[in-house]
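Heads up, the thing below is written out as structure tokens.
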């Protein structure tokens, strides 16, 4: 899918300074979109802005109640990407505190709730797209990451709920959850997961990565985002693997 299909679009990326979000910011910017990268860390955003001329940045905690209003005032999106979130503690349940267990709910789910709700209430223009980046952990579980798997499953439910509301209200906004099926060691989150599972299984991280099959890249996920944002989809949840896209029932 050509990045030029994004030319002239307003694209807002929550969690745009790292990992998948950063890859999407770079591609959208090079494709001629007006891009706003949003993150909590000003340092990473400043570095991103130096590397890619024309990118707008906004330092905001997307899990705060006032964040959607601040972000939409900075750039009202045609495409809103809800990415990023907490890096979960990688230990068994009995070794976690409640705050560690609940962190993905307080950050990932909360910012999804806030921004999806605001997109429906504002509302965004007909033809707009809201895309949530979930995780394969929400399908298969993740026994050493506390509430992470449940939080990522909730994002999938949320995309479906909001799509039904958009249809019921005649808003014409598309809501989709994209689910990368495998860990991506090239991201900070993926690196933490690799190290945590390798430690849990009593093996080294390199051997763990070598044993991973059909692993999608951040580029594969970015391609999926661009395709769904520009072509739309009838499915509220789409899985991404090295083999391509597939609906999740």
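Criterion applied to 27, 7 was being at pLDDT below 95 and under 17 Å from residue 218 (Cβ atoms), and the one residue passing it is 27. In the set 138, 174, only one residue is surrounded by 15 or more Cβ atoms within 10 Å (Cβ to Cβ), within 19 Å of residue 110 (Cα to Cα) and at pLDDT 95 or above; that residue is 138. For beta carbons closer than 6 Å, sequence separation of 6+ or different chains, a first residue in segment 210-235 that is within 13 Å of residue 24 (Cβ to Cβ) and a second that is at pLDDT 90 or above and surrounded by fewer than 19 Cβ atoms within 10 Å (Cβ to Cβ), the qualifying pairs are 224/245.
If you go through segment 68-98 and pick out every residue that is over 14 Å from residue 35 (Cα atoms) and touching a strand residue (DSSP E or B) at 6+ places or on another chain (Cβ under 8 Å), you end up with 3. The set of residues in segment 116-130 being under 18 Å from the mean Cα position of the chain (by Cα) and buried (at least 23 other Cβ atoms within 10 Å of the Cβ) consists of 116, 119, 128, 129, 130. Can residue 110 be described as farther than 24 Å from residue 235 by Cβ and out of contact with any helix residue (DSSP H, G or I) (no Cβ under 8 Å at 6 or more places or on another chain)? Here the answer is yes, as residue 110 does meet what is asked.
In segment 67-80, which residues are farther than 21 Å from residue 43 by Cβ and in contact with a helix residue (DSSP H, G or I) (Cβ under 9 Å, 6 or more places away or on another chain)? If the condition is that a residue be farther than 21 Å from residue 43 by Cβ and in contact with a helix residue (DSSP H, G or I) (Cβ under 9 Å, 6 or more places away or on another chain), then 68, 69, 72, 77, 78, 79, 80 are the ones that fit. Any residue at all in segment 173-185 that's touching a residue at least 24 places away in the same chain (Cβ under 8 Å), under 30 Å from residue 122 (Cα atoms) and in a loop (DSSP other than H, G, I, E, B)? Yes, there is a match, as at least one residue in segment 173-185 is touching a residue at least 24 places away in the same chain (Cβ under 8 Å), under 30 Å from residue 122 (Cα atoms) and in a loop (DSSP other than H, G, I, E, B). (1) modelled with pLDDT of 95 or more; (2) under 13 Å from the mean Cα position of the chain (by Cα): which one isn't true of residue 224, the others all being true? The single condition residue 224 does not satisfy is (1). Of note, residue 64 satisfies the criterion of being at pLDDT 95 or above, more than 27 Å from residue 230 (Cα to Cα) and exposed (fewer than 14 other Cβ atoms within 10 Å of the Cβ).
The values are calculated or read from the model by the stated rules, or taken from the named source; none is laboratory data. Just so we're clear, the structure is a prediction, and the values are computed from it rather than from any experiment. Note: ideal-geometry Cβ built from the backbone for every residue, glycine included; neighbour counts use all protein chains shown.
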